[in-house]
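First the structure, in the form of structure tokens, and then the observations on it.
The numbers here are math on the coordinates, done by the rules we state, and not lab data. Worth saying up front: this structure is predicted, and the values here are computed from it rather than measured. Quick reminder, even Gly has a Cβ in these numbers, built from the backbone with ideal geometry, and neighbours come from all protein chains shown.
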Amino acid sequence: MSENGLRDAMEAYRRPAAEVLADLGSDLRRGLSSDEARIRARRHGRNELGAEAPVPAWRKFLRQFQDVLVILLIIAAMVSALLWLLEPEAALPYEAIAILAVVLLNAVMGYFQQARAEQAVAALRQMSAAQAKVLRDGKQQSIPAAELVPGDVIVIEEGDTIPADARLIHSAALQAAEAALTGESLPVSKNTAAIASEVGIGDRANMVFSGTAVTYGHGRAVVTATGMKSEMGRIAGLLKAEPEDTTPLQKELDRVGRTLGIVVITIAVLMVGTILLVEDVHGARAIFDVLILGVALAVAAVPEGLPAVVTAVLSIGVQRMARRRAIVRHLAAVETLGSADIIASDKTGTLTRNEMTVRRVVTASGAVELGGAGYVPEGEVRRADGGVVEGALRAELARALSAADRANNAVLQEAEAGRWAVQGDPTEGALIVAARKVGLEKEALDARFGRVAEVPFSSERKLMSTVHQDAERQDRLVAFTKGAPDILLERCTHELTGDTARPLTTERRAAIMRANEDLAGQALRTLGIAFRSLPSNGTGPDGLTEELERGLVFLGLIGMIDPPRAEAKRAVARARGAGIRPIMITGDHPRTAAAIAAELGIAGDGRAVTGTELQAMPEEELAGTVREISVFARVNPEHKLRIVKALQGAGATVAMTGDGVNDAPALKTADIGIAMGITGTDVSKEAADMVLADDNFATIVAAVEEGRAIFANIRKFLRYLLSSNIGEVATMFFGVLLADFIGLTAPGGSGVVLPLLATQILWINLVTDGAPALALGMDPADGGSMGRPPRPRGEGVVTRRMWAGIFLVGLIMAAGTLLVLDMSLPGGMIEGSGDLRYGQTMAFTTLTLFQLFNVLNARSDEDSAFRGLFANHWLWAAIGFSLLLHVAVIYTPFLRDAFSTVALGAEDWLLCALVASSVLWLRELSKLLTHRVAGPGAR
């Protein structure tokens, strides 16, 4: 491909498609070779819009010091160090050094935590990256859109987002929505004709542009520009980067953090003010020590890192969901999953295998059974009564399946030895497989019936037609039509019997509809097949209208089945056990839908409401219907929106599946929109909150379980962090308030003495709030989570019951810590014999152990801490790591100087551990009492 050729391709709309293909060195039927695509990828780069320059690591690190409280702490520590420099005879300011070291460690932990969250979010974006259908090496395949290069031949159809700028080389009633690029509100009809004059983007009807969406029809196009060279890329510099979503959960946590922060800072200010006014504080150093204490208390108690922890846990949890084939596009969906009490699911491919298999063909002369399963084109062909298929029946069967094969856009491929796959619609793939089973080969059909034009399927007409040149009769065209039998039969005037087209009588119409009902009653999906001869000049690509779907000759009925997934039946049972009501919404026949629903356990009463009945229902009647009926059949995508709104009006939290362009409004409106990853259109995926990588209903239920687990884990570390912080604040507040009662007095009896030093508070915050909190966020799913009803809609992340437990645990920690402090010091209520440094070390150790015991409590507000005690290995590793760090502070000489601690004996550790364990036993007792008073289901 020459450089001149590429420049000419930039105005490809002015030249014939064949010239554009030639200049780009591509081929209509084979596309590019894989080797050539790799060469061009190196030359042109990835098909992506230029991203913002990444933030340097050093800036991300400095952002960890932006918090006002942290800045105040650093300033105070630096002033303390400056005072030491001005007083050479003073001792080394270990406290200032320790404070700066702890702040630095906190910043390092925050940096790596943020980096982990960013990596997780980036991985999620990669999982949900757009795909493109392309011809490479003569085969149609799906590749990441970012790998497209100029010269690639792409296949586009209704629902696709255009992956690159491209010149159309084939168009079948193609329309595209280009409002994102041109501002044109209506879809634009597309064709392949060259445009002689220079026109604007909005008038280039033979081009499709990156980022726009196909709303109707299908076609093929050759890529002319990718990435920043596309029209969308040209204006990308004018677009602002989309801000990161702030989920309702994060907003609520911000509110909780701000409220707690205001309370704690108020307490810290009151403490500092009281100490300065009441106690005998002299000298700049003493004043700065008190100020450092106040700021340290605020820093330790305010959960300023909470949103980052939540993002990290959500992202890690969402990656865990992705391993179960559920790709979450919006983090808010994780919160909502725990509240879902309705799953409104499509049938085909979600509740079933999406491997349609033709079982029966009914024509004027009888019925034929086809054996085999799935897409393997092998199987026995016999009469329904067991006889041989011959004579008129054989001719009718061949004509019906030939028409079904031709009115078809699917491709049957042998992916590997013995394994066959269908590119395209599974129903159309089943028709091709059936044609091969009766000996109709693709090459022979292609040779005789070359396609001329198409009227694509639409959900309104429920029909699809193709027009072909008959090679055996050059004087005529033939139209093949397939679609819903009831609608198709209305457009038929004759029926093929043997080789003769006979007028359709009223009796035969009734017989055909009875046969259709019989097939549907066997849970078979039915299609009608018909044809019509046309004069050779009667219809062409530019004169195609739906009028050709009149005066048709009926060829027969085809009954096929998409067998239910074995795992779907189990998933339905699990959903019901979790208080979730499954609803089936399908375009299939009511009897087919009811039969599959009964087999899966969705509904056993055989009742199904059709789209026509829905259309006629007033809102009041619809509200009652959605509460009682669980199967909706012959439903258009527009009806889904009414169903969703009616369910939400009844107070339900609705998860809704969809795959088509017209499903987008329902997916947007649903509390959780779920798109199909395999069969879903790009438009539906963009509208959805979650994408199923395997289109499997069982994956939805698994995602609900994971969503509940993630939300439960967020509550676990919230319970832990908040109760621990309240314990620290209460220890300091009541320690100062009750100093005389617990013997907390300064040597000589003058000046203020505190239960813990500023460095010790910061160290507890660093050691216990980091690794254990994150480990709680990785707790495995509770085995009983799917045995409980959904979380009530609108319930906050921190409930009243949680707050009660949080304050109870915080007060227990404070009381136990001050008790050990009193026992360690002379005087007070309990006589001790240690000095102040020993007493503070004992209190320091007790409060640290309290928080490590509290980790086990925080795993549930209802269940015993001993249930699944060793299920989370990360949690025990975090507890061990935190304990090891505290031991280092107690026994390492330079750390003892920095944190003003002394070495403790075995008896000391035993006392601290026994008192600290009380938080576990007392919390167990409170859970037991709560169960007895309020019942196990109380929240």
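Here are the numbers:
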| read-out | value |
| --- | --- |
| Theoretical gain in end-to-end length, R800 to E620 [0.36 nm per residue, Cα-Cα removed] | 61.2 nm |
| Where N is the number of residues in the stretch 357-561, Cα Rg divided by 2.2 N^0.38 Å | 0.96 |
| Dipole of the stretch 758-804, positive direction: furthest Cα of T799, T759, A771, with charges on the beta-carbon | T799 |
| Label-point separation in nm, A598 to R234, each point 7 Å along Cα→Cβ | 6.1 |
| Cα gyration tensor shape of the stretch 832-890, rounded if a/c is under 1.5, else prolate or oblate by comparing a/b with b/c | oblate |
| Rounded FRET efficiency, nearest 0.05, which uses the C-beta distance separating E547 from E443 and R0 of 30 Å | 0.40 |
| Environment charge at S824 (Cβ cut-off 13 Å; Lys +1, Arg +1, Asp -1, Glu -1) | -4 |
| Spatially proximal aspartates and glutamates relative to K60 (Cα-Cα < 12 Å; intrachain offsets below 8 disregarded) | E118 |
| Extension gain from T610 to L925, taking 0.36 nm per residue of separation minus the Cα-Cα distance | 107.9 nm |
| Gain on full stretching of the segment that runs from E414 to Q474 - 0.36 nm per residue minus C-alpha separation | 18.3 nm |
| Sorted by Cβ density within 10 Å, fewest first, the residues I714, I267 | I267, I714 |
| Qualifying trypsin sites (Lys or Arg not before Pro) in the stretch 861-937, DSSP loop, other Cβ atoms within 10 Å at most 15 | R867 |
| Proximal charge balance of A578 [Cβ under 14 Å; K/R count +1, D/E count -1] | +3 |
| Around L622: net Lys/Arg minus Asp/Glu count, Cβ-Cβ under 14 Å | -2 |
| Computed label-point distance, nm, for sites Q522 and A373 using a 7 Å Cα→Cβ extension | 1.7 |
| Exceeding the 30 Å Cα-Cα cut-off - candidates K139/K569; K229/K685; K139/K437; K569/K927; K347/K668; K229/K462 | K139/K569; K569/K927; K229/K462 |
| Sites F741 and R324 - FRET efficiency at Förster radius 56 Å, r taken between beta-carbons, to 0.05 | 0.50 |
| Inter-site label distance for D897 and F870 at 7 Å from Cα along Cβ, in nm | 4.3 |
| The stretch 357-561 - charge dipole about Cα centre, Lys and Arg +1 at Cβ, Asp and Glu -1, debye rounded to 20 | 300 |
| Sites D27 and E460 - FRET efficiency at Förster radius 60 Å, r taken between beta-carbons, to 0.05 | 0.95 |
